[in-house]
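Asks: Can you read through this structure? Questions will come right after.
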Amino acid sequence: MTSNEIIQEIRSYCMANADAERLQKSQRFFKEEFVGYGLTAPQVYSKVKEMHKRGDFDLPTVLDAAPILMKDRMFEEISMDLLLLDGLWKQFTLETFHTINNWFSFSITNWAHADTLGMFILPKFLDKKILEMSDFSPWLDSPFKFQRRCVPVTLIKHMKKTRQVMPSILFVEKLMIDPEREVHQGMGWFLREAWKISPAETESVLEKWKDTAPRLIIQYACEKMTAENKLRFKRTK
């Protein structure tokens, strides 16, 4: 199967299942303009599963299709290509990572696609020992907010596997003063998961930052705490 055939199959499926009313409702989940077809998540996952089951394409073909789909900005088309990529993780190499890195300059412009990378695709580079955490250092200073968000989201799974929170927290700590809301959400989520693993260590970090970090980070991080414990991390007036 060629990259053009993958593109055509994805687009034909999306067009056949488009729903204008559902598309309009999807906009409420995104601050950015939502451009797509109005497919449900089960529809997207079902088609990807079907294509993976056939197995008539490889990693280079999916990667070649990605920039074309991304430039047209249709949400479900990009989602499906990312999920196809995720299913080919056994073929990942360092070059695959470099290709993904380049996408942020022209695509990956919403939290959902960033989190597909961070939750599913990028952790596999750490699992396969293709990358070390330090290889994400340039991403922390990226001009693209969703690339910065990807770092803490990616480290959630890594942290859960190692059961060590401080190496990951210290690595992303500079994002505690990031100016973008989407990064705040990613950091808060990351710290909430760190707290579940090691409350004492995470709380020491929250204590350090409670008066200077954006409140959204602290709110997300404290979400699973008791009401009494949350009070410890209120900003000092």
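The values are calculated or read from the model by the stated rules, or taken from the named source; none is laboratory data. Owing to the predicted nature of the structure, the values given are computational and were not obtained by experimental measurement. Positions of Cβ are generated from backbone atoms using ideal geometry, with glycine treated the same way; all protein chains shown enter the neighbour counts.
Asks: Looking at region 49-77, which of its residues are closer than 17 Å to residue 92 by Cβ and either β-branched (Val, Ile, Thr) or in a helix (DSSP H, G or I) (or both)?
Replies: Let us first name the residues in region 49-77 that are closer than 17 Å to residue 92 by Cβ, namely 52, 55, 57-66.
Within region 49-77, 52, 59, 60, 61, 62, 63, 64, 65, 66 qualify.
Asks: Just one of the numbered conditions (1) more than 23 Å from residue 93 (Cα to Cα); (2) crowded, with 17+ Cβ neighbours inside 10 Å is not true of residue 151; which one?
Replies: In the conditions (1) more than 23 Å from residue 93 (Cα to Cα); (2) crowded, with 17+ Cβ neighbours inside 10 Å, residue 151 misses (1) alone.
Asks: While we're looking at this one, here's another question. So if I check each of 219, 185, which one is free of Cβ contacts under 8 Å to residues at least 60 places away in the same chain and surrounded by 14 or more Cβ atoms within 10 Å (Cβ to Cβ)?
Replies: Just one listed residue meets the conditions, 219.
Asks: Working carefully through the options 176, 159, 133, find the one that is of a type in the set (A, V, I, L, M, F, W, C), surrounded by 16 or more Cβ atoms within 10 Å (Cβ to Cβ) and closer than 25 Å to residue 32 by Cα.
Replies: Among 176, 159, 133, only 176 is of a type in the set (A, V, I, L, M, F, W, C), surrounded by 16 or more Cβ atoms within 10 Å (Cβ to Cβ) and closer than 25 Å to residue 32 by Cα.
Asks: Go over the candidates 201, 207, 228 one by one and state the one that is without any contact (Cβ under 8 Å) to a residue 40 or more places away in the chain and in contact with a helix residue (DSSP H, G or I) (Cβ under 6 Å, 6 or more places away or on another chain).
Replies: One residue alone meets the criteria, 201.
Asks: List pairs: first in region 4-20 and among the hydroxyl-bearing types (Ser, Thr, Tyr), second modelled with pLDDT of 95 or more and part of a helix (DSSP H, G or I), Cβ under 9 Å, 6+ apart or cross-chain?
Replies: 13/43; 13/47; 13/76; 13/80
Asks: Let me ask you something else. Output the residue which, of all residues in region 120-129 that are assigned to a helix (DSSP H, G or I) and either at pLDDT below 95 or charged (D, E, K, R) (or both), is nearest to residue 179 (Cα to Cα).
Replies: That would be 124.
Asks: Follow-up question, since we're still on this one. Restricting attention to region 177-196, report how many residues are aliphatic (A, V, I, L, M) and farther than 16 Å from residue 154 by Cα.
Replies: 1
Asks: Condition check: part of a helix (DSSP H, G or I) and at pLDDT 95 or above. Does residue 108 satisfy that?
Replies: So residue 108 does not fit the description; no.
Asks: Additional query: Which count do you get for residues in region 4-39 that are surrounded by 12 or more Cβ atoms within 10 Å (Cβ to Cβ), at pLDDT 95 or above and among the polar types (S, T, N, Q)?
Replies: Here the count works out to 3.
Yes or no, residue by residue, for (1) assigned by TED's automatic domain parsing to the domain that holds residue 180; (2) within 26 Å of residue 181 (Cβ to Cβ):
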position: 39; (1), (2): no, no
position: 65; (1), (2): no, no
position: 73; (1), (2): no, yes
position: 96; (1), (2): no, no
position: 114; (1), (2): yes, yes
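Asks: Of the residues 25, 31, 53, 47, which single one is in contact with a Phe, Trp or Tyr (Cβ under 7 Å, 6 or more places away or on another chain), of a type outside the set (A, V, I, L, M) and at negative phi? Reasoning before the result, please.
Replies: Working: 25 fails: in contact with a Phe, Trp or Tyr (Cβ under 7 Å, 6 or more places away or on another chain); 31 fails: in contact with a Phe, Trp or Tyr (Cβ under 7 Å, 6 or more places away or on another chain); 53 fails: in contact with a Phe, Trp or Tyr (Cβ under 7 Å, 6 or more places away or on another chain).
The match here is 47.
Asks: Could you please find all residues in region 56-93 being under 25 Å from residue 129 (Cβ atoms) and without any contact (Cβ under 8 Å) to a residue 24 or more places away in the chain?
Replies: Passing the criteria: 60, 90.
Asks: Name the helices (runs of 4 or more DSSP H) wholly inside region 130-237 in which the number of residues that are out of contact with any Leu (no Cβ under 7 Å at 6 or more places or on another chain) and closer than 28 Å to residue 96 by Cβ is 1 or more. Before the answer, list the steps.
Replies: On the way: elements: 137-140, 145-162, 166-172, 181-197, 199-209, 215-221, 227-230.
Output list reads 137-140, 145-162, 166-172, 181-197.
Asks: I've got another one for you. Could you tell me which numbered condition residue 81 fails, if it satisfies all but one of (1) surrounded by fewer than 16 Cβ atoms within 10 Å (Cβ to Cβ); (2) assigned to a helix (DSSP H, G or I)?
Replies: Result: residue 81 passes all but (1).
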